[in-house]
Amino acid sequence: MARPRKDPSAPAAPPRLRIKLKTIDDVRAEMARLYREGKAGLRDVADVSRLANVLALLGRLIEGSDLEKRIAAIEEGEERNATTH
């Protein structure tokens with residue numbers, strides 16, 4: 001939903017990009033797309049580098065979150081096994 005501009009003479013804000021970045025595969029695909037754009041000269045290499053760094057951080061956060069969920073599931077399973085034996 002677009003927000004109203006405070007100053008009517010100000011230029012409109014660019015539309016928000018809706019890029020799916022919920023999984024490591026999503027992040028990998030976006031990073032590969034950025035690389036191809038930089039390699040083809042469609043995007044400044046400095047911009048590619050900055051965006052790739054942000055994507056790398058996001059990838060590590062996703063990995064950490066996934067690992068945390070997996071460990072919690074294992075611990076929960078062990079607790080259930082310990083109470084039944």
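Kindly check whether there is at least one residue in segment 13-24 that is surrounded by 11 or more Cβ atoms within 10 Å (Cβ to Cβ), modelled with pLDDT of 95 or more and in a helix (DSSP H, G or I). Yes: segment 13-24 contains one or more residues that are surrounded by 11 or more Cβ atoms within 10 Å (Cβ to Cβ), modelled with pLDDT of 95 or more and in a helix (DSSP H, G or I).
So which residues in segment 30-44 are more than 20 Å from Leu17 (Cα to Cα) and assigned to a helix (DSSP H, G or I), if there are any at all? Break it down stepwise before answering.
So in segment 30-44, the residues more than 20 Å from Leu17 (Cα to Cα) come out as 39-41.
Scanning segment 30-44 gives a single hit, Lys39.
Of all residue pairs spaced 6 or more apart or on separate chains, none has beta-carbon atoms under 6 Å together with a first member in segment 50-62 that is over 16 Å from Gly38 (Cα atoms) and in contact (Cβ under 8 Å) with a residue 24 or more places away in the chain and a second member that is of a type in the set (Gly, Ala, Ser) and surrounded by fewer than 16 Cβ atoms within 10 Å (Cβ to Cβ). Residues in segment 45-70 that are loosely packed, with under 11 Cβ neighbours inside 10 Å, closer than 18 Å to Lys22 by Cβ and small (Gly, Ala, Ser): Gly64, Ser65.
The values are calculated or read from the model by the stated rules, or taken from the named source; none is laboratory data. Computed from a predicted model, the values in this text were never measured in an experiment. With ideal geometry, Cβ positions are generated from the backbone for all residues, glycine too; neighbour counts draw on all protein chains shown.
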